[in-house]
Amino acid sequence: LIACNSMDTDWKYRPNMSNADLQFVLPEALSWDTLNAHLGQTHRVLDEPDLVISRTIYDSFDWRLYQAGGTLEVVESERERHLVWRGLGNGERTRVRLADGAPLFARDLPDGGLRERLESLLEMRALLPQGQVDSRLQTLRVLNHDDKTVLRLVLEHATCRDPKGGSGRALGARLRLAPVRGYDRVLQRVHGILSRDL
C-alpha cells in the first residue's frame with residue numbers, strides 16, 4: 001500500500017472509517033479516465049505521473065515475522081529503496097532507507113528499533129524472499145480552492161509473482177483513498193461518489 005507519492009500520507013488517520021472502507025476493487029469496465037472525468041465534475045483534480053514500484057515480502061523459513069503480527073517488505077521505485085515493517089493489526093509502520101539490496105540477517109541493518117525488533121523475532125534465522133508484487137500506481141489529487149491537496153486517490157494495477165522466478169498473476173485493480181488530516185468532508189463526499197455512483 002505504500003510507496004507512491006502518497007507514501008508519506010498519514011495512513012493511521014481513519015476518521016470513522018476502517019482500512020476496508022478506504023479501498024475499492026474497481027470493475028474492469030471503469031477506466032482511470034472515466035474516474036478522473038467523473039470526479040472532475042464536482043471537484044478540482046490533478047493527475048500525477050504514474051509510479052512503478054516493486055515490493056518483495058521477506059520472512060524467515062518458518063514465518064516468524066508474520067506470526068508476530070507483521071510483514072517486512074523491500075519497497076523499490078526508480079528513485080529509492082526502503083525496508084518497511086508493517087503491523088498487521090495496528091497500522092504501525094517503520095521505514096528504513098536501504099543503500100543496497102535487502103539484508104540477509106537482522107544484524108545487517110543499521111542500529112535502531114527495527115533492527116532490535118527483528119533480531120528478537122528472527123534470532124539467527126535468515127530473511128528469505130517469500131513473494132513479490134509489482135505495481136503501477138496512478139495518483140489523482142483532489143485540490144481545494146487554494147490548490148492544497150485535500151485527498152489522494154491511488155489506483156494500483158498489480159501483478160504477484162514468486163521471487164524465485166516464473167510468470168506472474170494479475171491482481172484486480174484496487175483504488176485506495178489516502179485521507180489528509182482535517183478534510184473529513186472531502187473524504188466523505190468522494191467516498192460517497194465512489195460507493196453510490198461508480
Kirkwood hydrodynamic radius of the chain, Cα pairs, Å = 18.2
task = With a cut-off of at most 16 other beta carbons within 10 Å, and DSSP calling the residue loop, which trypsin sites (Lys or Arg not before Pro) in segment 99-166 qualify? Please list them.
result = ARG125, LYS148, LYS164
Cβ-defined net charge surrounding VAL52, 9 Å radius [Lys, Arg +1; Asp, Glu -1] = -2
Mean accessible surface per residue for segment 58-99, computed with a 1.4 Å probe while every protein chain stays in place, in Å² = 55
Charge context of LEU98, other residues only, Cβ under 12 angstrom, K/R +1, D/E -1 = -2
Spatial separation of Cα centroids for segment 72-124 and segment 128-178, in angstrom = 20
key: Alpha carbon convex hull of segment 131-178, projected area averaged over orientations, nm²   = 3.7
query = If you add up the charges near GLU156, with Lys and Arg at +1 and Asp and Glu at -1, over every other residue whose beta carbon is less than 13 angstrom from its beta carbon, what do you get?
reply = +3
query = Ignoring ligands, DNA and RNA, what percent of the accessible area of segment 23-160 is carbon or sulfur (1.4 Å)?
reply = 49
request  = Report the calculated FRET efficiency for ASP108 and THR159 (r = Cβ-Cβ distance, R0 = 30 Å), to the nearest 0.05.
outcome  = 0.60
Computed magnitude of the charge dipole of the chain (debye, nearest 20; Cβ of K, R +1, Cβ of D, E -1) = 380
query = How large is ³J(HN,Hα) for each residue in segment 159-175, as worked out from phi by the Karplus curve 6.51 cos²θ - 1.76 cosθ + 1.60 (θ = phi - 60°), to whole Hz, x for Gly and Pro?
reply = 10, 9, 8, 6, x, 7, x, x, 6, x, 10, 5, 9, x, 5, 10, 10
request  = Can you run the Rg to Rh ratio on segment 54-149? Use alpha carbon positions and the Kirkwood inverse-distance Rh.
outcome  = 1.07
task = May I ask you to compute the full-extension gain from ARG97 to ASP50, defined as 0.36 nm times their residue separation minus their alpha-carbon distance, rounded to one decimal in nm?
result = 14.7 nm
ask   = At ASN90 and ASP134, where each label point lies 7 Å from the Cα along Cα→Cβ, what is the point-to-point distance in nanometres?
value = 3.6
query = If you look at just the Cα atoms of segment 71-116, how large are its Rg and its Dmax in Å?
reply = 10.7, 30
message = Between ASP184 and SER120, what is 0.36 nm times their sequence separation minus the Cα-Cα distance? Round to one decimal in nm.
response = 19.1 nm
key: Inter-label distance, nm, simple model (7 Å from Cα along the C-beta direction), SER195/LYS148   = 2.6
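The values are calculated or read from the model by the stated rules, or taken from the named source; none is laboratory data. Quantities reported herein were computed from a predicted structural model and do not represent experimental measurements. Glycine gets a Cβ as well: all are built from the backbone with ideal geometry, and neighbour counts include every protein chain shown. SASA here: full protein model, heavy atoms, side chains in, ligands and nucleic acids out. Shrake-Rupley method; radii C 1.70, N 1.55, O 1.52, S 1.80 Å.
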